[in-house]
Structure formats: C-alpha cells, structure tokens
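Below is one structure, written out as structure tokens; the observations come after it.
What follows draws every value from the coordinates through simple rules; no lab data is involved. The structure displayed is predicted, hence computed values, not measured ones. Note: ideal-geometry Cβ built from the backbone for every residue, glycine included; neighbour counts use all protein chains shown.
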Amino acid sequence: MTYSHEVEHMCVVKQGPNHGPAPIPEEGKWVKSKQISDISGLTHGVGWCAPQQGACKLTLNVKEGIIQEALIETIGCSGMTHSAAMASEILPGKTLLEALNTDLVCDAINTAMRELFLQIAYGRTQSAFSEGGLLIGAGLEDLGKGFRSQVGTLYGTLAKGPRYLETAEGYITQIALDENSEICGYEFVHMGRFMEEIKKGTDANEALKSVTGTYGRFTKEQGAVKHIDPRKE
C-alpha cells in the first residue's frame with residue numbers, strides 16, 4: 001500500500017465504534033452482508049436499451065452469491081431474443097459481481113442486471129421474507145401454462161379506436177362490440193396450450209377449438225352486436 005507524503009506524517013487516531021453493515025432481509029433471515037457469498041434471494045427487474053426500442057424482464061434466483069436460475073423475457077426488439085438466448089447460457093453459475101461486470105450481449109439485459117443487483121444487494125428481493133427462499137425452478141412459474149411470457153399487445157388510433165391483439169389470456173382472434181360500438185369482450189387462443197396439444201398429436205382444428213375461449217360479454221345473448229377481426233377490420 002502506498003501513501004502520500006502528507007498521510008505518512010499523520011498521527012494515528014482510532015476510529016472508535018464499528019458496528020458493521022446494517023442487516024438486510026434474506027430468505028427469512030437478517031443477514032449482515034460483507035461479501036458476495038452472503039447474498040441470496042429471488043427477484044425480478046426490468047431493463048431497457050439506450051434508444052428504448054426494446055425492454056427485458058430478468059428474473060434471477062441467487063443462492064450464496066451464485067446465480068442458480070435465470071429467466072430472460074424480452075419485448076420490442078427482434079435481435080434481443082438472440083441476446084437473451086446467449087444470456088441464458090452466460091448467467092447461471094456466475095457470482096452476482098461477475099454477472100454485473102459481464103457483457104450480456106444486449107444493453108437492455110445489462111440494464112436489467114444492474115437493476116437486479118441493486119435490489120439484491122439491498123435486500124429488496126421477492127423472497128426476502130420467505131424462509132429458506134424459493135426453490136430452483138420458481139422463475140418458470142411466472143410463465144404459467146405453456147411456458148410463455150405474459151404478453152400484452154394493444155393498439156389504437158384516434159380515427160378508428162382501439163384494437164386488442166394479445167392479452168394475458170392469449171392471441172386475440174375476435175373483438176366483440178356492443179350497441180355503442182365499444183369493446184365488450186373478445187375471443188382468444190392460448191398459444192402455449194395450443195402447441196402442447198399439437199405436440200400430443202391432436203388434430204390442429206380440434207386443438208384450436210379446445211384452447212379457444214372468450215372474455216367479457218362476447219355472445220349476442222350477453223349484449224354483443226358485432227364481432228370484428230382486430231387485424232383486418
């Protein structure tokens with residue numbers, strides 16, 4: 001250790017009390033975190049790229065400072081999906097500090113990693129008060145049936161009004177309008193379940209019927225007077 005001339009000639013004054021770091025909540029315990037291996041928790045965060053043309057939701061499950069599980073969900077940028085594929089290979093097995101200083105290919109994913117590091121380092125994880133934390137695989141539970149991200153795609157213009165294209169229920173095939181031409185319901189296809197049925201060998205038409213549902217007042221008996229295809233009409 002090299003000291004400046006001024007410091008070399010200073011006398012020693014003792015620091016006095018040193019209480020260490022404040023404890024943070026981690027998986028049902030209060031922990032005084034002094035090194036990376038003291039950190040555990042599962043949490044989520046969102047990042048965005050500099051031109052803000054896409055965003056990433058990142059979920060990490062960390063045990064004793066090491067990332068055991070990573071879920072990368074992206075929206076708005078085609079190239080980011082391939083970056084996410086690489087990040088899914090890069091992140092597991094790295095310490096939090098390594099991951100923070102690793103190029104995760106896409107700026108949005110790097111930003112999400114930064115936001116997660118802040119949450120985890122300060123004890124603001126989703127599992128902070130869950131005794132023992134969450135098991136490895138908990139990240140996938142966010143996706144629900146069919147292992148697809150929760151996606152919403154909605155569009156509207158002043159001239160022609162709103163169009164629902166995709167919601168949490170699934171891909172929108174028809175929108176129901178009431179007597180005032182306002183949306184009162186919609187028909188959707190759950191794409192994750194549809195692909196599962198196809199993989200089982202179910203006929204495509206039968207599979208489509210089995211995974212098609214409606215939301216709101218969709219039928220004429222319920223008050224719908226017109227149905228439109230949101231992508232064509």
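Straight-line reach only, C-alpha to C-alpha below 22 angstrom: list the lysines that residue 63 could link to, leaving out same-chain residues fewer than 8 apart. Within the straight-line limit of under 22 Å, residue 63 reaches these lysines: 29, 32, 34, 94.
The translational diffusion coefficient of segment 23-140, from Stokes-Einstein at 10 °C and 1.306 mPa s with a Kirkwood hydrodynamic radius over alpha carbon pairs, comes to 113 µm²/s.
Of the trypsin sites (Lys or Arg not before Pro) found in segment 151-214, the ones in coil according to DSSP and having at most 12 other Cβ atoms within 10 Å of their Cβ are 160. Computed over the alpha-carbon pairs of segment 153-228, the distance histogram in 5 Å steps reads 3, 17, 22, 20, 17, 10, 7, 3, 1 percent, short to long.
With K and R counted +1 and D and E -1, the other residues having a Cβ less than 12 Å from that of residue 31 yield a net charge of -1. Excluding same-chain neighbours fewer than eight residues apart, the aspartates and glutamates reachable from residue 160 by a Cα-Cα span under 18 Å are 178, 179, 182, 229, 233.
Taking a sphere under 13 Å around the Cβ of residue 135 and counting the other residues whose Cβ falls inside, with K and R at +1 and D and E at -1, yields a net charge of -3. Each part reduced to its alpha carbon centroid, segment 181-198 and segment 57-90 end up 27 Å apart. Under a no-solvent Debye model with one identical scatterer per Cα of the chain, what's log10 I(q)/I(0) at q = 0.07, 0.11, 0.13 Å⁻¹? Log-scaled intensity ratios, in q order: -0.38, -0.77, -0.94.
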